[in-house]
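One structure is given below, encoded as structure tokens.
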Amino acid sequence: MTHARSTWHGALPKGAADIMQRIVDNVLDLLLAAEGGALALQAGDGLEFAFCSGGYVSQVGSPLSASASLAGLSMAQVATLHTDDAMADPRMDRNMIRAVAMRSVICVPLRYRAQVLGVLVVGSSLPHAFAGEDVSILNGVAEFVASAVEAAIAMSRMVLLPPDETPAFRSSQSAKVYEYVANVADPKLATYIERENRVKKALAERDFSVVFQPVVDLRNQKLSGLEALARFHPGPYRPPNAWIDDAYKIGLGEDLELALVEAALQASQSADPGLLVGVNVSPTVALDQRFCEFVERLGMGRVVVELTEHQAVAGPDELLDALRRIRRCGARLALDDVGSGFSSLARIVQLAPEIIKLDLELVRGIDVDPIRRSLASALVTFANESGARVVAEGVEHEAELEVLRDIGVPFAQGYLIGRPGPLSVHLGHFDPLAEVIDR
Ligand code: C2E
Ligand code: CA
Ligand code: CA
């Protein structure tokens, strides 16, 4: 059997992931001064914080430089390294110091046979927190941790890397071996893997389409824009965001989002150039060069990028960077899901979007709930003062629409106005063009 390199690729079967998590959780009890533990595993050219506990938890998924971090050096030198004051230590990763307040840090390389798989990192917020004895204890557990990591990565390689989908493979002995390992690793894995294969196939074969939902101007009932929404053809039905989440789990999220943007912009070519077309993307996709290229080539200056905050896990600066990029390629920004648990007022002020989309959670029952009404009303006042336009989404009842009109919401979208459907249906049904939503 060939010995493939053990590198971390972001996913483990549940049983293995549980053990990795317990490894970092238990270091907090192992050393008296420990306030955080992390497994930084080799990923690509650098390291990635794959599992974290205590003070490192916010860093799960963060990359670490292979050359400019203590963990990277520990790995390169295959030596346990230790700092008593991270602030004054030039070997430390500056971003990491800013993100986590750890002053004392021990990094132990995880050696398995001839390879170094990663580093076990333990930190304390106090300087000079660890003694020589602590370093010895960590060195003592390193062999066990390295073996566990190797086993986890090996297991994930066996079960998460896609099995061959051909009929020949399915009837082969390898398929039996594969199934056995998968079921040991995680009984739910079979469904999981099937889903992943479905996403891969749908993306490769472009087995999806784009529908549009009308956004109307409430003052004159005219069509002012359309939101593009993805529909995946393979059954049973799953909502588009579930498909996209699955794609992210196997590293294809960005590719799928980009393919959907391209499809949406292509499908909207026949609409009046004055109509705005909203596309949903996560901030990382908005930063992608390919995204800008689609917007410039197919967007005709009418693209509205609907950004939502819940995918913005990569840090507060990312949304701002995404925003700059969006404006540079001539698109407008809509902040999506405003008024849901995911958005904050501070964020609206910071981003100054052209459009604020009130989440359907806020709109639902606005006619009977004074709290929802006053929150929506406050957002309208705020939008008017900052020059943004408000779109209420998810309007289902006439009574909701009445209240929205009363509090001065100018634009709305929802089943009451029009369900997501083919572009031609809306263009035939509505009378374009309302005033273009703009500052
Ligand atoms: P969203 O951006 O908040 O989109 C609005 C969702 O509410 C859509 O669900 C829409 O069909 C639904 N909706 C519209 N009017 C009403 C209404 O009156 N009542 C109710 N109950 N629902 C209404 P959908 O199409 O299932 O999309 C769900 C989410 O998936 C979207 O939420 C968006 O975050 C994501 N999504 C959809 N298409 C794409 C896409 O092409 N790319 C990306 N990245 N995300 C997408
Ligand atoms: Ca949206
Ligand atoms: Ca929403």
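Tabulated values for the structure
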{"quantity": "Computed magnitude of the charge dipole of region 5-159 (debye, nearest 20; Cβ of K, R +1, Cβ of D, E -1)", "calculated": "460"}
{"quantity": "Region 207-429 - Rg over Rh from alpha carbon coordinates, Kirkwood radius", "calculated": "0.94"}
{"quantity": "Calculated FRET efficiency for the pair Ala151/Glu205, C-beta based, R₀ 35 Å, to 0.05", "calculated": "0.45"}
{"quantity": "Antiparallel DSSP beta bridges within the chain, as percent of all bridges there, nearest 5", "calculated": "65"}
{"quantity": "Estimated vicinal HN-Hα couplings, Hz - region 65-77 in sequence order (Karplus 6.51, -1.76, 1.60; Gly, Pro = x)", "calculated": "5, 6, 10, 10, 8, 5, 5, x, 5, 4, 5, 5, 8"}
{"quantity": "Listed residues Val199, Val122, Val285: farthest to the positive end of the dipole of the chain (Cβ charges)", "calculated": "Val199"}
{"quantity": "Long-range HN-HN contacts of Gly421 with modeled amide H, under 5 Å", "calculated": "Phe212, Gln213"}
{"quantity": "Spin-label proximity, His128 to region 54-97 - amide N less than 12 Å from point 7 Å beyond Cα toward beta carbon", "calculated": "84-85"}
{"quantity": "Residue among Met87, Tyr56, Ala66 farthest towards the positive dipole end of region 17-163, charges placed on Cβ", "calculated": "Ala66"}
{"quantity": "Amide H contacts of Arg389 (H built 1.01 Å from N, under 5 Å, at least 5 apart or other chain)", "calculated": "Ile355, Ile356"}
{"quantity": "Simple Cβ-charge dipole of region 207-429, Lys/Arg +1 and Asp/Glu -1, about Cα centre, in debye nearest 20", "calculated": "480"}
{"quantity": "Cα pair count fraction exceeding 26 Å, expressed as % - region 258-376", "calculated": "24"}
{"quantity": "Cysteines having no other Cys beta carbon under 4.7 Å from their own, within the chain", "calculated": "Cys52, Cys107"}
{"quantity": "Residues whose placed amide H lies under 5 Å from that of Glu396, excluding near-sequence neighbours", "calculated": "Leu416"}
{"quantity": "³J(HN,Hα), Karplus 6.51/-1.76/1.60, whole Hz, each residue of region 82-91, x for Gly, Pro", "calculated": "8, 10, 9, 8, 4, 4, 9, 9, x, 6"}
{"quantity": "Heavy-atom accessible area order for Glu35, Glu296, largest first, 1.4 Å probe", "calculated": "Glu296, Glu35"}
{"quantity": "Of Gly44, Ile356, Leu275, farthest towards positive along the dipole that unit charges on Lys, Arg, Asp, Glu beta carbons give the chain", "calculated": "Gly44"}
{"quantity": "Cα Rg over Rh - region 5-159, Kirkwood", "calculated": "0.93"}
{"quantity": "Neighbourhood net charge (14 Å Cβ-Cβ; Lys/Arg +1, Asp/Glu -1) for Glu393", "calculated": "-3"}
{"quantity": "Translational D in µm²/s for the chain (Stokes-Einstein at 4 °C, 1.567 mPa s, Kirkwood Rh from C-alpha pairs)", "calculated": "53"}
{"quantity": "Karplus-derived 3J(HN,Hα), 6.51/-1.76/1.60, for each residue of region 147-155, Hz, glycine and proline x", "calculated": "5, 5, 5, 4, 4, 5, 5, 4, 5"}
{"quantity": "Cα-Cα separations in region 351-412 greater than 16 Å, expressed as whole percent", "calculated": "33"}
{"quantity": "Nearest-10 value in Å² for the accessible area of Asp321, using the 1.4 Å probe", "calculated": "70"}
{"quantity": "Virtual spin-label span in nm between Asn139 and Phe382, 7 Å along Cα→Cβ", "calculated": "5.6"}
{"quantity": "Phe49, Phe430, ranked by accessible area, largest first (probe 1.4 Å)", "calculated": "Phe430, Phe49"}
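The values are calculated or read from the model by the stated rules, or taken from the named source; none is laboratory data. As the structure is a prediction and not an experimental result, all values here were calculated from the model. No Cβ is skipped: glycine too gets one built from the backbone with ideal geometry, and neighbour counts run over all protein chains shown. SASA here: full protein model, heavy atoms, side chains in, ligands and nucleic acids out. Shrake-Rupley method; radii C 1.70, N 1.55, O 1.52, S 1.80 Å.
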